[in-house]
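First comes the structure, then the notes that go with it.
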Amino acid sequence: MTAAEQTIGSLKGVGEARAKALNKLGIFTLGDLVNYFPRSYEDRTHFQPIMAAPLDEPVCIRAMVANAPTLARVRRGMELVKLRAVDESGSMDITFFNQTWVRNQLHQGETYVFYGRLSGNLTHRAMTNPDWEPEQRQGEKTGRILPKYPLCQGVSNKLLIGYVRSALDAIGPDVPDALPQRIQSDYGLAQARYAYETIHFPADFGALELARRRFIFEELFVLACAMDRLRAKRQALRGIPVPKADPAEFYAALPFQPTGAQRRAVAQALSDMASGMAMNRLVQGDVGSGKTLVAAACIWAVCRSGRQCAFMAPTEILAEQHLATLRGFLAPFHLRVEKLTGSMTAKEKRETKAALSAGEIDLIVGTHALLTEDVAFSDLALVVTDEQHRFGVNQRSALSGKGETPHVLVMSATPIPRTLALIIYGDLDVSIIDELPPGRQKVDTFTVDESYRQRLYGFIRKLVGEGRQVFVVCPMVEENEESDLPLKSAVEHAQALQSAFPDLRVGCIHGKMKPKDKDAVMAAVVAGELDILVSTTVIEVGVDVPNAALMIVENAERFGLSQLHQLRGRVGRGQHKSWCILISDAKNDEAKARLKAMCETNDGFKISEEDLRLRGPGDFFGSRQHGLPEMHIADLGADVRTLQTAQDAAKALLASDPELAAPENAALCARVQHLFAASERTMN
Ligand code: ADP
Ligand code: MG
């Protein structure tokens, strides 16, 4: 057993209770302890003069005790020690609550270093319960950069500092080190021992930066290696060979010519499926780029070989639309296409399931309902999921589990910065549809404030007069939610619009409605029976209404850039000139920058890069649906450049040692396997 593998019980002062408390922080071994990094640091190395130091933030002050400390009892159980300390700039009053012992430890005429928050005004300064040390014996509480650890009940910061110190000393030079020596020198990274010492107890902030850089690199490097290995493993997975068909036959039955990008994606997918290996392909393309067609071509190829396909959409509305679209595309080929959604009657579901397991249905389109246990296929060979970011990776694999390694095609309209895509979809091959069908017009986008409302209403009237339809999106409003701007709730806003336009047909869709009712409203929109549809973001994904020419977003500051881009993609899908109007009274710079970016570009990839820059990776990594292991120190959004470098390094290393079998890569191999063990359950 290495020193790092020893349990924390081996440390002096760690008994059963302490060990239990540390376990709660995920600390079991000395190795865990040294890998428990500080959350922040307090700079206690710089001294400031009393009168020049900033107020209300922690500062270090070197001052002489000017009088003998006095003790006062305020009331039972409350004792104060008071004293005055002076430096060349002035004086401050120091009060200690219930630390009576300091009275005999702080001596008049001697100099100490105090660390705490100054309060007061221009002429008077005071400090309460400061940390302090004699000037001559600094180094524990002051005169250093103090690490601050995430804590829990029973474990104080001081205690952790002591344990980490002991663990580092016990481990000595034998620290865990996953980075091969070669990589450390090639990329100019700090050595492990130095990095561990420094991340906990930095001599200065420059050194700390070096240590952090090393650990961030190490973490991303291990992740990159793991993803690469996962991809290699998956690529070795045998799949059902689907005889290669010439898609020209399928294209000939279409009412339009596929774009070059669509043809490319189809060709890639068909050759994946013919290869004898299982396809795992992501089709990524901006809203309206025609991803459904790519799926349809694959479905066509699979069904003509006599096998079944499943198509899973995140909402009923979308399932319904895909059903109609796919039926349209596949009609010339006499395939049986059915749906399975939660809102169907028990009898309908039963019959559909029976036909499905009997192999009478070629393609089933549905929602999560497809995942229920009693759904069985006779010969499932292809699973398509739309808008994959809405599904957990787990759900994707649950559906795959219904066949014998069926091919998987994932479609996403959330353009993700390339670097992140490599990580999120690291286990998928990617086809990018970077070309819109011909004749698409740019959606003109404007940001306006409340004062434009009357003019905007005039515009709505004009467009509806020309036969167009209008979408109005309101943010989801939580009950009791407070906001500094008045928020429009969909229901109330629909009523307001109906009063403003008594002769127009106004409908409303919101999250609390039953799927059946939502479907009914949406069907009315598609049929042109409503002029204005007010909704929450339920219409965000996929819905296709070519006659809609105006998208209005209320309280646009509440939406993320990528979300706004999705919303805008709901218009401009037909031959009509279309607009997107973002209404916002927001004054903060970040919100303004976001709205400005929307007005300036229609390019989803540019927008996602900007979103990442402005908001960090939260949007992409929200709710952890991606199934990636949690990062310890690296920030996948902020450390994008390091991520790229780490990926290059990983690729190069794996090219020379694909199994990580070389002795110098043993530690790395162990770390990668460890990561696999933790994420295998979530990744495919
Ligand atoms: P998305 O990529 O957003 O899912 P869709 O697949 O819904 O896009 O396609 C958007 C619209 O464009 C649909 O109405 C579809 O029929 C149409 N479309 C797809 N491909 C083409 C093409 N090559 N030429 C013309 N229209 C197309
Ligand atoms: Mg779509």
### Alpha-carbon centroids, the stretch 123-201 and the stretch 530-606: separation in whole Å
48 Å
### Query
By how many degrees, between 0 and 90 and to the nearest 10, does the Cα long axis of helix 604-615 differ from the longest principal axis of the chain?
20 degrees
### Task
Quick one: compute the contact order of the stretch 273-398, relative version, from alpha carbon pairs under 8 angstrom and 6+ residues apart, as a percent.
32 percent
### Task
For the chain, give the magnitude of the charge dipole about the Cα centre (Cβ charges: +1 Lys/Arg, -1 Asp/Glu; no others), in debye to the nearest 20.
580 debye
### Task
Per DSSP H run of n ≥ 4, the term is -39500 (n - 2.57); total these for the chain, divide by its residue number, and report the mean residue ellipticity at 222 nm rounded to 500 deg cm²/dmol.
-11500 deg cm²/dmol
### Query
Of the accessible area of the stretch 76-178, with the probe set at 1.4 angstrom, what percent is carbon plus sulfur?
48 percent
### Task
Compute the convex hull volume of the Cα atoms of the chain, divide it by the residue count, and report the result per residue in Å³ as a whole number.
221 Å³
### Task
Could you tell me which of the pairs LYS291/LYS512; LYS462/LYS488; LYS24/LYS148 are separated by over 21 angstrom between their Cα atoms in the structure shown?
LYS291/LYS512; LYS462/LYS488
### Message
If you count only protein heavy atoms with a 1.4 Å probe, what accessible area per residue comes out for the chain, rounded to a whole Å²?
### Response
45 Å²
### Task
Output the relative contact order of the chain, whole-number percent, from Cα pairs under 8 angstrom with separation of 6+ residues.
12 percent
### Task
Place +1 on the Cβ of every Lys and Arg and -1 on the Cβ of every Asp and Glu in the chain, take the dipole about the Cα centre, and give the residue among THR70, SER40, PHE250 whose Cα lies farthest towards its positive end.
THR70
### Query
Between the helical axis of 346-357 and the dominant principal axis of the chain, each derived from Cα atoms, what acute angle in degrees is found, rounded to the nearest 10?
80 degrees
### Task
Considering Cα pairs under 8 angstrom that are at least six residues apart, work out the relative contact order of the stretch 540-588 and quote it in whole percent.
51 percent
### Message
Can you give me the angle between helix 515-526 and the longest principal axis of the chain, using Cα atoms only, in degrees from 0 to 90, rounded to the nearest 10?
### Response
60 degrees
### Task
Report the FRET efficiency, 1/(1 + (r/R0)^6), for SER89 and ASN67, where r is their Cβ-Cβ distance and R0 is 22 Å, rounded to 0.05.
0.75
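The values are calculated or read from the model by the stated rules, or taken from the named source; none is laboratory data. Remember, it's a predicted structure, so these values are computed and weren't measured experimentally. With ideal geometry, Cβ positions are generated from the backbone for all residues, glycine too; neighbour counts draw on all protein chains shown. Side chains are part of the model used for accessible areas, which takes the heavy atoms of the whole protein and leaves out ligands, DNA and RNA. Shrake-Rupley method; radii C 1.70, N 1.55, O 1.52, S 1.80 Å.
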